[in-house]
Amino acid sequence: MQELSAIPKNNENYPSVGVVLGLLVTDVITSLDHGDKSEALLYLNLAEQQLGRILLYTSNSSIATPPGTFFTYSNHRYKIRINYRYDWIIDGNSYPTGAGGVVITSFYLPDANVTGLPFFRIGVDNLTKEFSGVPNVSIDEYLNRSLQHKNSTGFPSFKLIKSDINTSVLAGNHAYTIIWTYVHPIYRMRESIEIASIIGNKGYFVDYTVADTKFNNYLPIIQKMINSFDLIK
């Protein structure tokens, strides 16, 4: 349930953005205290983007932001970038997952009652650690390992809807797809899709989760985000 644990439980969109901005500034200070200038710069860039969102919401300008506007998120530490819709909040906190994986960042809309709490994550897996002693990991092996970790322990009432290696592309590379539902203890029935690809010796994944009744509502936005995902050269 870690994918939802850090979201401010606030029904007002603007204050939630302000809370996230404050957390990012705190992360900047903490990173500097630890001597990690690269991490501090990453959080500072995220804070700048969040501040831009607040200005968009509170501006008295007669020029409104078009609903289809997308911004670009870049992470030079992990060498990725992706476009996201301007009204989605960025959670810049990364955390480990699996034997060698990291969830790099997340994007979401607050207020579960109204939006269904759509949540989009980006992550990377160190396949050398994830598949110890296995050279040249195949997309089938990557898919099967992911399926092994998707069960009722991590996802209560887990139900697999679809899994294949034939329908998706990520950063121009062949990718697998997994779609499933589960019951969250707070947000109830959720539906998720995960798309992942192997690029070099790393696995890159994106996943999208929302209330099952609203799964299709945000798919056009999610598809644009997935299509825009790329590696920074």
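Values in this text are rule-based calculations from the coordinates and carry no lab data. Everything numeric here is computed off the predicted structure, so don't read it as measured data. Quick reminder, even Gly has a Cβ in these numbers, built from the backbone with ideal geometry, and neighbours come from all protein chains shown.
Observations, loosely collected:
- With R₀ fixed at 22 Å, the C-beta to C-beta distance from Lys233 to Asn201 puts the FRET efficiency at about 0.80.
- Taking 0.36 nm per residue of separation and subtracting the Cα-Cα distance, full extension of the segment from Asp212 to His174 would add 11.0 nm.
- Spin-label proximity, Glu141 to segment 166-192 - amide N less than 14 Å from point 7 Å beyond Cα toward beta carbon: none
- Sorted peptide list for 200-210, 71-81, criterion being average Cβ within 10 angstrom, highest first: 200-210, 71-81
- Available extension along the chain between Ala99 and Lys79 is 5.1 nm, counting 0.36 nm per residue and deducting the alpha carbon span.
- In this label model, Val114 and Ile186 are separated by 1.8 nm, measuring between points 7 Å along each Cα→Cβ vector.
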